[in-house]
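Have a look at the structure below, then the notes.
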Amino acid sequence: MNAIIDCLFKNDQIDTAVSWINKIIISKGKKVHDFTYEHWLRKCADQQIGYNSFFDFLVKSGVFLNTSIIQQFKDLLENRLIDPFVGHFTTVDEGTGRCRSCEKLLQNSEISDDEFADLKQGLMEKVLLGTDVYLGSKPEEIRRFQNFIQKTAPYDVVIDGLNVAHQGKQTFKYPDQALSSVVKYFTNQNLRVLVLTRKHLLRGTTLKSALVFATEDLSGDDPFLLCSAVQSSNTKFVSEDVFRDHLFRLGDFRLQNIFRRWQHKAQMQIVSFDKNGGVRFQQPRKYRTISQFSDGCWHIPYDDGTPRYSYELPATWLCLQPKTSKITK
Ligand SMILES: [Zn+2]
């Protein structure tokens, strides 16, 4: 595929090349090669146009460019004749969302009502009712789930029970102790909690004051988790999963972008447990964690190669400010 894209760039068929790059991004296991990005950037530089399509791609795809490509991108933008930028590699204060270079606040992570409605519809239709789910889950179980959410939604927090139990393995003797701790953390705040779990995990466990939906032992329960969590735009969910499969299943570039922004906003991850039942969470960021433009400036997160867990976001950003020419006499 990368060779085809290279050929399309050579023949100035930029739009078609970009749509092929998008196909690579959403197809599982394929990677856009560095030389493809390099070729695209060279085209931008040759023609002094086409930068918009590259920026647009960064916003929609949520791709994190590596250090080499982001450096080339920075050099090109600093040296272009029309509307040059000055770039700085920097970090963002995670508490406030403030850029440490220009000191501006990044955009907040809000998702519009229309975007959220489309995401909800997409997840219900393509992920829950998509053909694949029937391989792991019976149609009756899906109907049972739909009846359940009709009666009990919305929720403040949805918990991936199996995932939490797995994470507590090193701290607790029994898997349900971790789950009870997490449930208690939220119900103590009078929040409406739904636990999604498998029937075998519930044996002998009582989860007081939480709603519980238990699937058959062999069901794929991620679609249930995601669909419960989009019943309201204020719902948070607890899981360490990255949901890449489901992201791909959405199939549509715009929906995938909304999904990623929603995931970064709604997902809470457990940092640690203590044996007395305390839980520490990494809170979702309040600022947008993908490439963004406001007040004439770009902020672009990139991957500097520092090892990170798959759910973690890169901490490194490129801050681009418009170059204002000083008049000297
Ligand atoms: Zn900045």
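Looking at L58, L77, L81, which one is in a loop (DSSP other than H, G, I, E, B) and either crowded, with 16+ Cβ neighbours inside 10 Å or away from the ligand (no atom under 16 Å from the Cβ) (or both)? Give the steps one after another, and end with the answer.
Values: L58 fails: in a loop (DSSP other than H, G, I, E, B); L77 fails: in a loop (DSSP other than H, G, I, E, B).
Exactly one of L58, L77, L81 is in a loop (DSSP other than H, G, I, E, B) and either crowded, with 16+ Cβ neighbours inside 10 Å or away from the ligand (no atom under 16 Å from the Cβ) (or both), namely L81.
Considering only segment 163-179, how many residues are buried (at least 21 other Cβ atoms within 10 Å of the Cβ) and either more than 16 Å from D241 (Cβ to Cβ) or among the hydrophobic types (A, V, I, L, M, F, W, C) (or both)?
Adding up the residues that qualify gives 5.
From the set of residues in segment 18-45 that are at pLDDT 90 or above and in contact with an Asp or Glu (Cβ under 8 Å, 6 or more places away or on another chain), which is surrounded by the most Cβ atoms within 10 Å (Cβ to Cβ)?
Per the criteria, the residue is T36.
Looking at D156, is it farther than 30 Å from P322 by Cβ, more than 16 Å from the ligand (Cβ to nearest atom), surrounded by fewer than 18 Cβ atoms within 10 Å (Cβ to Cβ) and modelled with pLDDT of 95 or more? Talk me through it step by step, then tell me what you get.
Working: farther than 30 Å from P322 by Cβ: yes; more than 16 Å from the ligand (Cβ to nearest atom): yes; surrounded by fewer than 18 Cβ atoms within 10 Å (Cβ to Cβ): yes; modelled with pLDDT of 95 or more: yes.
The answer is yes for D156.
Take the residues in segment 187-209 that are surrounded by 11 or more Cβ atoms within 10 Å (Cβ to Cβ) and of a type in the set (S, T, N, Q); name whichever of them is modelled with the highest pLDDT.
Ranking the qualifying residues of segment 187-209, first place goes to T187.
May I ask you to list the residues in segment 295-321 that are hydroxyl-bearing (S, T, Y) and either away from the ligand (no atom under 16 Å from the Cβ) or not assigned by TED's automatic domain parsing to the domain that holds T67 (or both)? Don't jump to the end; show me each part of the working.
Let us first name the residues in segment 295-321 that are hydroxyl-bearing (S, T, Y), namely 302, 306, 309-311, 316.
Those that are hydroxyl-bearing (S, T, Y) and either away from the ligand (no atom under 16 Å from the Cβ) or not assigned by TED's automatic domain parsing to the domain that holds T67 (or both): T306, Y309, S310, Y311.
Kindly indicate which of Y287, Y302 is surrounded by 18 or more Cβ atoms within 10 Å (Cβ to Cβ) and more than 14 Å from the chain's Cα centre (by Cα). Walk me through it before giving the result.
On the way: Y287 fails: more than 14 Å from the chain's Cα centre (by Cα).
The conditions single out Y302.
Checking V32 against (1) closer than 26 Å to T324 by Cα; (2) in contact with a helix residue (DSSP H, G or I) (Cβ under 9 Å, 6 or more places away or on another chain); (3) among the β-branched types (V, I, T), which test does it fail?
Result: V32 fails condition (1) only.
Could you please find all residues in segment 98-110 being within 29 Å of L247 (Cα to Cα) and surrounded by fewer than 18 Cβ atoms within 10 Å (Cβ to Cβ)?
Residues satisfying the conditions are R98, L105, Q107, N108, E110.
Within segment 65-72, does at least one residue satisfy the condition of being within 16 Å of the ligand (Cβ to nearest atom) and either touching a strand residue (DSSP E or B) at 6+ places or on another chain (Cβ under 6 Å) or in contact (Cβ under 8 Å) with a residue 40 or more places away in the chain (or both)? Reasoning before the result, please.
Residues of segment 65-72 that are within 16 Å of the ligand (Cβ to nearest atom), as a first pass: 70.
From the residues that got through so far, the ones that are either touching a strand residue (DSSP E or B) at 6+ places or on another chain (Cβ under 6 Å) or in contact (Cβ under 8 Å) with a residue 40 or more places away in the chain (or both) too are 70.
Yes, some residue in segment 65-72 is within 16 Å of the ligand (Cβ to nearest atom) and either touching a strand residue (DSSP E or B) at 6+ places or on another chain (Cβ under 6 Å) or in contact (Cβ under 8 Å) with a residue 40 or more places away in the chain (or both).
Output the residue which, of all residues in segment 85-108 that are more than 9 Å from the ligand (Cβ to nearest atom) and part of a strand (DSSP E or B), is modelled with the lowest pLDDT.
So the first thing to find is which residues in segment 85-108 are more than 9 Å from the ligand (Cβ to nearest atom), and the list is 85-87, 89, 91, 93-97, 105, 107-108.
Imposing the further condition that a residue be part of a strand (DSSP E or B) reduces the set to 85-87, 89, 91, 93, 105, 108.
Details: F85: 95, V86: 97, G87: 97, F89: 98, T91: 96, D93: 93, L105: 93, N108: 82.
Per the stated criteria, the residue is N108.
Report the residue count in segment 270-283 for those that are under 21 Å from the mean Cα position of the chain (by Cα) and crowded, with 17+ Cβ neighbours inside 10 Å.
Result for segment 270-283: 1.
The values are calculated or read from the model by the stated rules, or taken from the named source; none is laboratory data. None of the values given here were measured: they were computed from a predicted structure. A quick note on method: Cβ atoms are made from the backbone with ideal geometry, for glycine too, and the neighbour counts reach across all protein chains shown.
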